[in-house]
């Protein structure tokens, strides 16, 4: 069974969450000293660190920084459970793999975990594009000619959405609903910024621009 570390200083919340997760087949461990989260995850070969994020807390940023120091080879997912009034910018800066706004439906978290945990990346079919670019959904990575392309979680989800709908124009509203947490306030201009970063990253790797801008409509990616 996949092990999940839950970083929280609220024992009641941990007990409730752990019961839900364990009923779904996961094992959980409470981490009440945040600085121990990453070392414990590495030692126990945990699949994910789930952080109970409270307003004004530095815990998520510290854990994200510790994971980043492990380099791109780290396969430990970082998931934020965001309490009301927590600054969304703090979550964005932490580059989490996924975030959920509390109160949340447990099924949303379970659906996400079931889709990304316990599946070996080398057994995932992935999706091929342009013959030399591959999006590995299970491993949450993009490879161009076998070399990884460094993308943020939001940029990865944007690319995944565009590839899932290759040739079709996706509006900014559609991209926001796919790539950002539910209930997050995102301006259309923010989509443009992230698409711009994604476009530059892919152009550096592929040597050509593969994202098409459709004025007043949105963006598309075309299989050549």
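The values are calculated or read from the model by the stated rules, or taken from the named source; none is laboratory data. This is a predicted model, so every value here is computed, not measured. A quick note on method: Cβ atoms are made from the backbone with ideal geometry, for glycine too, and the neighbour counts reach across all protein chains shown.
Taken together, the criteria place residue 91 among residues that are under 20 Å from residue 152 (Cα atoms) and either in contact (Cβ under 8 Å) with a residue 60 or more places away in the chain or assigned by TED's automatic domain parsing to the domain that holds residue 151 (or both). Here residue 30 passes the criteria (1) under 20 Å from the mean Cα position of the chain (by Cα); (2) farther than 16 Å from residue 78 by Cβ except the one numbered (1). Take the residues in segment 99-122 that are modelled with pLDDT under 80 and assigned to a helix (DSSP H, G or I); name whichever of them is surrounded by the fewest Cβ atoms within 10 Å (Cβ to Cβ). Among residues in segment 99-122 that are modelled with pLDDT under 80 and assigned to a helix (DSSP H, G or I), the one surrounded by the fewest Cβ atoms within 10 Å (Cβ to Cβ) is 122. All conditions but one from (1) in the same structural domain as residue 16 (by TED's automatic domain parsing); (2) at pLDDT below 80; (3) in a loop (DSSP other than H, G, I, E, B) apply to residue 125; the one that does not is (1). Within the span defined as segment 36-45, every residue fails to be surrounded by 13 or more Cβ atoms within 10 Å (Cβ to Cβ) and in a loop (DSSP other than H, G, I, E, B). Can you name the residue in segment 169-190 that is touching a strand residue (DSSP E or B) at 6+ places or on another chain (Cβ under 8 Å) and modelled with pLDDT of 90 or more and is also surrounded by the most Cβ atoms within 10 Å (Cβ to Cβ) among such residues? If we take residues in segment 169-190 being touching a strand residue (DSSP E or B) at 6+ places or on another chain (Cβ under 8 Å) and modelled with pLDDT of 90 or more, then 175 is surrounded by the most Cβ atoms within 10 Å (Cβ to Cβ).
Selection of segment 74-98 for residues being surrounded by fewer than 20 Cβ atoms within 10 Å (Cβ to Cβ), more than 20 Å from residue 176 (Cα to Cα) and at pLDDT 80 or above yields 76, 83. The number of residues in segment 11-35 being under 17 Å from residue 81 (Cα atoms) and either in a helix (DSSP H, G or I) or not assigned by TED's automatic domain parsing to the domain that holds residue 70 (or both) comes to 12. Only helices (runs of 4 or more DSSP H) whose full extent lies in segment 129-222 are considered here, and the ones with at least 3 residues that are within 17 Å of the chain's Cα centre (by Cα) and without any contact (Cβ under 8 Å) to a residue 24 or more places away in the chain are 153-164, 172-179.
Taking the criterion of being touching a helix residue (DSSP H, G or I) at 6+ places or on another chain (Cβ under 6 Å) and either without any contact (Cβ under 8 Å) to a residue 40 or more places away in the chain or closer than 21 Å to residue 61 by Cα (or both), the residues of segment 5-48 that qualify are 5, 6, 7, 8, 28, 30, 31, 34, 37, 38.
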